[in-house]
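Take a look at the structure set out below.
The values are calculated or read from the model by the stated rules, or taken from the named source; none is laboratory data. Predicted model only: the values in this text are computed from it and were never measured. Neighbour counts run over all protein chains shown; Cβ positions are idealised from the backbone, glycine included. Accessible surface is based on the protein model in full, side chains and every heavy atom, while ligands, DNA and RNA are left aside. Shrake-Rupley method; radii C 1.70, N 1.55, O 1.52, S 1.80 Å.
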Amino acid sequence: TTETQKNRCWNPQSAMVEKGTSLLKKMEISVAEAEKRTGKNAVNMQETYTVYLIETRPVDAASEGTNPVPDSLWRRYSEFEQLRNYLLVTYPFLVVPPLPEKRAEFVWHKLSADNMDPDFVERRRVGLENFLLRVASHPDLSTDKIFYSFLTEENGWKETVFETGFQAKADSRLKALNATFRVKNPDKRFAEMKHYGDELQSVISQLLRVRARAADRLYGVYKVHGNYGRVFSEWSAIEKEMGDGLQSAGHHMDAYAASVDDILEEEEHYADQLKEYLFYADALRAVCRKHELTQYELEMAAQDLTSKKQQREELATGTIRTFSLKGMTSKLFGQETPEQREAKLKMLETQIEEGEELVKERNGECEEFVKSAWVDIERFKEQKDHDLREALISYAIMQISMCKKGIQVWNNAKECFSKM
Amino acid sequence: MSGSVVDNTVSSGNSSAAIPTDISGQILDLDEDDDLEVFSKDTTLTDGSSLNASMQTSSASMINQYKFEEEEEDADTKDIFVTVDNPESHVTAIETYITYRVETKTTRSEFDSSEFEVRRRYQDFLWLKGRLEEAHPTLIVHPLPEKFVMKGMVERFNEDFIETRRSALHKFLNKIAEHPIFSSSEDFKIFLTAGSGELTSHKKQGPGFLSRMGETVKAVAAAVRGVRSRPQEFTDMQEYVEAFSQKISSIDKVTQRIVREQKEYLEELKECGPTYALWSQSEEELAEPLKNVAGCVDKCCKETDEQVKHLNDHLIPVLHEYVLCADTLKAVLRRRDNIQADFEAKTEALATKKADRDADSKVLSLAWGSLVGRSPEEVKQQKQQKLKGEIKEMRDELDKTEDRLEWANNALKSDWTRWQKGMRTDLRSAFIDTAERNVSYYEKCLAVWESFLQSQRTDAEGNGNVDFS
């Protein structure tokens, strides 16, 4: 399970665990297995889906050498999605770690785009484990109770998370975010960050696309060499002195052709690392967008307050500064009675009081948001720089390994050819 | 081989003068025998003076024949060096064509000087090949590059095409120069040394069109007759050639496919570097490693490009040559079969004539004889005399054909061995060369990525972040 991960040249998890949030100091988390299940869905239709086994065990137990059976529970992808949506709504100012992709994208021909394909399921399992560890290593997210019960409470988690009312909040947020609004004084830093998120998403998509196409072609190059193996073998049958050399050279050509499978599997891990940051870019943009909304709401509240104050002033002094239909009609049809004016003034006062409270509140929210978001964005930046640099290094290591294999095979082939 | 050469000279029951069984012997034969045999002689040498020249070469070629199977030509004993280079285009009112410079450096005595430089066009090479094949139907002439390339509609005057052709022509001439019999051919000498006017007039001295037609008709007739009892070794050869032809064609196709796939891989890889570079523009800390990776990918692209070129320029032409060789071998075996078929047909005809002779005189001719006033005895005598004459003629003819067949078979057998050795050497070194090139390619790419790692290590150690364990 995590063996395959450990065998990869670079494992982000060791870095995460090293950082050591209090959660990770207590608990080892892994997504150990995946299984197919069939059952009836919401509309009572038969469906097949995959479930993933989340295993947790206390950290000290392993070091004491007793190795007890871990606690475990099964969850499906949609539950992971629910967890993440909850986190997004509850911590809008945090860059929430992304889930592995819902559908296989950027595939090259040999890879399957089918969700049920075992290779896809395996890569998803790894991605889900990665997600849990990312959350568990986040200073704020790791303390969340819903997250903890996701890991430990098999039954009843769904109800618990539903009770938080996050779904309703999520829906209204989504609606607001999708509406077009313009902020009068956009925060420069957030605007730059959003722009960076756009660029990152665009360039990583391009890189993944190009890489997938190159992988496809490289596969072709290696596999065609397998034909040499076959023909050399047939040819060696009709030759006397050349036969042995040809035959053994042919074997090496077969080995060369076969070696590409491992090479490209390793590269797929690299692609997964890039994909994680492709989706992280989206999470970053979401934070910026939410900040914009917060700012917009503050501006709206402030605007509303200003206009109410102005109305009060006009009413109190009797001067009409701004054009208003009410003012016009009162001019045309005569002014209101002093009692009516009193009542209006009183209402406005209340509204102004409430408005000031609202502005204060929203201002506070905005400031809080900016403060927390910026801390997390800095944390994210550091994490991203570190992780991607490691990814590039592991890519270089992969290339080196591929070259070494190539050198070996062709040196062997050369020796065989010399014996021809 | 040398053994059988000696035997033939001694035991030949041929009524013509004791001919040494090399080419020049058969040239002498030509003077006495108007009946031109198919492909057998260097028929341009009809005048005495050039005969002397051929006598000189004949002794050399006789010695070379004995040497047929012995040492391989190595650089030390090589006494003739031929190069083909410097393609130039010529434009006339009628056509545009390319000529190549052919330079010869030699210490051989039969050459008037030690250095020659001439210009030749493709047609001239074709002519030379034709002459050699005519003179030695069962020897293996190295193939020429094809007349034109159909696939891909390569233009005749495309640079790559010209270079590929030049290289193949160079190889062709060198194979001729290395060959013990071909290298002493008069036509070869003239090809290497004659001015263009001299060459043109020499070319015109070939057998006339009609006589060439006659040869072709005979060849077709022989082919239709077919061979009755082909010796097992030649059947084995044919089976080998069939199989070899298939295999070498497959390898040629596989290699071409590899080149295609590599080129497409390169096209995609070329986009990776710029994408990393683009990314580096949005980053701060990551800018340097990203730019570095972009540089590495670009360097690997360059190496891949060179590697593909090498495959195209070195392995593919050799494989292609041997695909053509397979066809040459098939033709040589066919020609040998034709000679044998001819021999078998003549044997049968002689046997039939002999049967006629041994049969009783026909009643009809006796009757005729009595009509014109000759006695039956007379008629019988005349008939027998006539038959005896015819049989002697056929007998002589058959002996000549038998000699021709034996010479053809022996020539083929030893040239076959020679060809196999050459094939083995050529293909082995081409494959070794390719393997070495591939190793070099991977070594260069390895160095590129290791330098990247090194740069990251020094960076990291400087910043104290990364653990490389």
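Below is a table of values for the structure above.
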| quantity | calculated |
| --- | --- |
| Of B:LYS330/B:LYS388; A:LYS275/A:LYS405; B:LYS105/B:LYS263; B:LYS204/B:LYS247, those spanning more than 30 Å from alpha-carbon to alpha-carbon | B:LYS330/B:LYS388; B:LYS105/B:LYS263; B:LYS204/B:LYS247 |
| Whole-Å distance, taken between Cα centres, linking segment B:79-117 and segment B:388-419 | 37 Å |
| Between segment A:202-273 and segment A:369-400, the alpha-carbon center distance in angstrom | 34 Å |
| A:VAL43, B:VAL241, A:VAL89, ranked by accessible area, largest first (probe 1.4 Å) | A:VAL43, A:VAL89, B:VAL241 |
| Reachable lysines from A:LYS308, criterion Cα separation under 16 angstrom, eight or more residues apart if same chain | A:LYS326, A:LYS344, A:LYS346, A:LYS360 |
| Solvent exposure ordering (accessible area, 1.4 Å, most first) of A:ASP282, B:ASP433 | A:ASP282, B:ASP433 |
| Within straight-line cross-link reach of A:LYS40, lysines at Cα separation under 19 Å, skipping those fewer than 8 residues along the same chain | A:LYS158 |
| DSSP loop GluC sites (Glu not before Pro) with at most 16 other Cβ within 10 Å excluded, longest remaining stretch of chain A | A:1-104 |
| Within straight-line cross-link reach of B:LYS386, lysines at Cα separation under 24 Å, skipping those fewer than 8 residues along the same chain | B:LYS346, B:LYS353, B:LYS354, B:LYS362, B:LYS400 |
| Chain A, relative contact order in percent, only Cα pairs under 8 angstrom and at least six apart counted | 19 percent |
| Cut-off under 5 Å, modelled amide H: who pairs with A:MET27 long-range | A:VAL59 |
| Of A:VAL210, A:VAL96, A:VAL135, the one that fluctuates the most in a GNM where chain A has Cα springs shorter than 10 Å | A:VAL210 |
| Cβ-placed point charges (K, R +1; D, E -1), dipole of segment A:96-166 about Cα centre in debye, nearest 20 | 200 debye |
| Exposure of B:MET394 as accessible area (Å², to 10), given a probe of 1.4 Å and all protein chains | 50 Å² |
| Shielding by partners - mean other protein chain Cβ count within 10 Å, residues of B:290-298 | 2 |
| Residue-level accessible surface for B:CYS300, protein heavy atoms, 1.4 Å, Å² | 10 Å² |
| Surface share of carbon and sulfur [accessible, 1.4 angstrom probe, percent] for segment B:255-322 | 45 percent |
| Unit charges at the beta carbon, dipole of segment B:244-307: most positive-side option, B:ILE258, B:GLN307, B:THR275 | B:ILE258 |
| B:ASP358, A:ASP171, ranked by accessible area, largest first (probe 1.4 Å) | B:ASP358, A:ASP171 |
| Heavy-atom accessible surface that A and B bury in contact, both chains counted, 1.4 Å, Å² to 100 | 5300 Å² |
| Accessible-area value, B:ASP305, 1.4 Å probe, nucleic acids and ligands omitted, Å² | 70 Å² |
| GluC sites (Glu not before Pro) within segment B:84-187: DSSP coil, no more than 11 neighbouring Cβ in 10 Å | B:GLU95, B:GLU146 |
